[in-house]
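First up is the structure itself, then whatever we jot down about it.
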Amino acid sequence: MLVYGHCDDVWTVAFHPRLANRAVTASEKVVYVWNTEERSMERFTVVGFAARAVAFSSAPLEADKTTHHIAVGGAKGDIVVSGWALGICPCIR
């Protein structure tokens, strides 16, 4: 099955700790959030470096109890932490 999204090698996949049908993947300079149940891409962001690792935070933020972060690691040591519920905009670089 073909799904619109990646145009390069997929380096990593991580699944949301509470939403089993959500996953995040990284391919070169782009991070994608997927709905695995519908087999569709929900959103993406360009991180500006060769992404090689992604992970969801295991627990949500204390402030709202729902927002999880996505951490992205790069091939040369770059790191960005993004808010998943915020449309994966960078919080920390």
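The values are calculated or read from the model by the stated rules, or taken from the named source; none is laboratory data. Bear in mind the structure is a predicted one, so any value in this text is a computation, not a measurement. Quick reminder, even Gly has a Cβ in these numbers, built from the backbone with ideal geometry, and neighbours come from all protein chains shown. Protein only, heavy atoms only, side chains kept; ligands, DNA and RNA dropped before computing areas. Shrake-Rupley method; radii C 1.70, N 1.55, O 1.52, S 1.80 Å.
Scanning the stretch 35-67 for residues that are among the basic types (K, R) and part of a strand (DSSP E or B) yields R43, R52.
All of V30, V24, V13 fail the test of being at pLDDT 85 or above, β-branched (V, I, T) and open to solvent by 60 Å² or more (accessible area, probe 1.4 Å), apart from V13. Looking at V54, V81, V47, V72, just one residue is surrounded by fewer than 18 Cβ atoms within 10 Å (Cβ to Cβ), of a type in the set (V, I, T) and out of contact with any helix residue (DSSP H, G or I) (no Cβ under 7 Å at 6 or more places or on another chain), and that residue is V81.
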